[in-house]
Amino acid sequence: MPEEEEPMEAASTEMPPEIHRVQDERTPEVRVHVKGRRRLSEALLEKFIGPLRMCDTYGELHDTLNQTIRDLEELNAFEDIRATVDHMPGSPPGSADVTLEVVEKQRNYEAGVDMNRMGEPGADATMNIPYVFGGLTSVSFRYNKAWPGSQMLNASLNIPKLTGVGITPASEGWELDLEASRDTTDHRGYSSSRGVATGLAAVLTDRATGRHTFTLSSTLRDLLPEIQPSQQDDGEASRKPSASYAVRRMPLRTMKTSVKYAYTRDDFRFDETEEGSSHVIGGSLLHAYADLTPGVLGDVSFLKLAGLSECCGYLWKAHDWTWEAGVSGGLIVHPPAKGNALPPVTPFQDRFFLGGGAVDPISGLRGFRYRSAGPAAPRVGGAPGTDPTYDYTGGDMLLSAHFLASMPITWLNNLRRSSDAEPQNDYGEEVRTIFRYG
């Protein structure tokens, strides 16, 4: 196994002892030097280091320098920041020289194996290119391949901390993501069809007391019912649809342009005894979602509303037993049909499924991840009663609830091998027994 990287030291400020003894002494000049390869524009960097040159005393310089380092750390643009204050030979008497040594983050390449929201195994690769155009804008590319047939290609341009006023006074501004994506989704685990979607989206995110997200998107979507070869009486092979009538009667190609709003707030508490632990010991989650598709620049129109509320806590604290309960629901409303027109049919891609997609990937009942549930129709083909396979086609309304209880099987932890230098982790790799009902 590869050796673990040593944790990077925190940003530091060094000032010689003689400077600390003259905190209130005035300094006639402050010069700032920045060392290290960087792609951030000088104009952007000057916004952070400019206040250092305006300091009148060494004490003010020390406080301003610490604040500058904190501001630079919030950019999430540097791997390491070090600062030194000294008096350089040849400088005017009483002047201070500030040296900032920075190590910028480089391109990030990540690859791994994961499970998508439907429980399908897959591989994921991501590349992130920071500091595009000399600013904090970054470009990322992501490709995900899941088996048996789903795949996703996404390219996004992220512009963080846009100027302006957020939704609440606590907001620091907006983040903007421009995305282009191409998705191929294999529904054949629960419905005899596949889906292809190509779209563009602009996502505005405001992080305050929760997360507010506005999305303007336009997507061309195709639903491809499954077709299987069959043998004719004359011996020639032909192809006929094997999907159910319920799938085949849905819109097979739709152009959807919509405005979406989502609000998420969570105050989950994690186990503080283990740094970076993902073991949740309490808290709650609230998620609300609205999707307005007016039919402009598209051929579908509806209003989709959904919500999710979840909370968790200790069931038996002494033995680390925990519980989790939640409820989710949603509704799709179409405009009234005109005249004798047939009522509109909700596209397959927008319907509710218990196995996921009810509100977003986190809202699906875990017991239905592999086999989504919903209104079902028999597949086409085969003699009556000989084909027990059904297509799940989802629905326009959803109400679900779930309860989960978990407990650690602590004696299994003793089977793991651990070195003296690495104490045993009670939560990071523990085995838990989970009981679910939903």
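In summary, residue 240 fulfils each of the numbered conditions (1) modelled with pLDDT of 80 or more; (2) more than 20 Å from residue 344 (Cβ to Cβ) with the single exception of condition (1). Can you tell me which condition residue 98 does not meet? The list is (1) among the hydrophobic types (A, V, I, L, M, F, W, C); (2) out of contact with any Phe, Trp or Tyr (no Cβ under 9 Å at 6 or more places or on another chain); (3) surrounded by fewer than 16 Cβ atoms within 10 Å (Cβ to Cβ); (4) at pLDDT 80 or above, and all the others hold. The single condition residue 98 does not satisfy is (3).
Can you confirm whether region 274-281 contains a residue that is modelled with pLDDT under 90, polar (S, T, N, Q) and either loosely packed, with under 14 Cβ neighbours inside 10 Å or under 30 Å from residue 194 (Cβ atoms) (or both)? Checked against the condition, which is being modelled with pLDDT under 90, polar (S, T, N, Q) and either loosely packed, with under 14 Cβ neighbours inside 10 Å or under 30 Å from residue 194 (Cβ atoms) (or both), region 274-281 yields at least one hit. Among the residues making up region 394-408, those that are under 20 Å from residue 309 (Cα atoms) and in a strand (DSSP E or B) are 397, 398, 399, 400, 401, 402, 403, 404, 405, 406.
Looking at region 51-93, which of the residues that are modelled with pLDDT of 80 or more and part of a loop (DSSP other than H, G, I, E, B) is nearest to the chain's Cα centre (by Cα)? Going through the qualifying residues, I end up with 55. Taking region 250-261 as the region of interest, how many residues are touching a residue at least 60 places away in the same chain (Cβ under 8 Å) and outside any loop (DSSP other than H, G, I, E, B)? Total meeting the criteria: 2.
If the condition is being touching a strand residue (DSSP E or B) at 6+ places or on another chain (Cβ under 7 Å), crowded, with 18+ Cβ neighbours inside 10 Å and hydroxyl-bearing (Ser, Thr, Tyr), then region 44-87 contributes only 58. The residues of region 315-350 that are closer than 21 Å to residue 400 by Cβ and either among the acidic types (Asp, Glu) or free of Cβ contacts under 8 Å to residues at least 12 places away in the same chain (or both), listed by number, are 324, 350.
The values are calculated or read from the model by the stated rules, or taken from the named source; none is laboratory data. Everything quoted here is computed from the prediction, not taken from an experiment. FYI the Cβ positions are ideal-geometry reconstructions off the backbone, even for glycines, and counts take in every protein chain you see.
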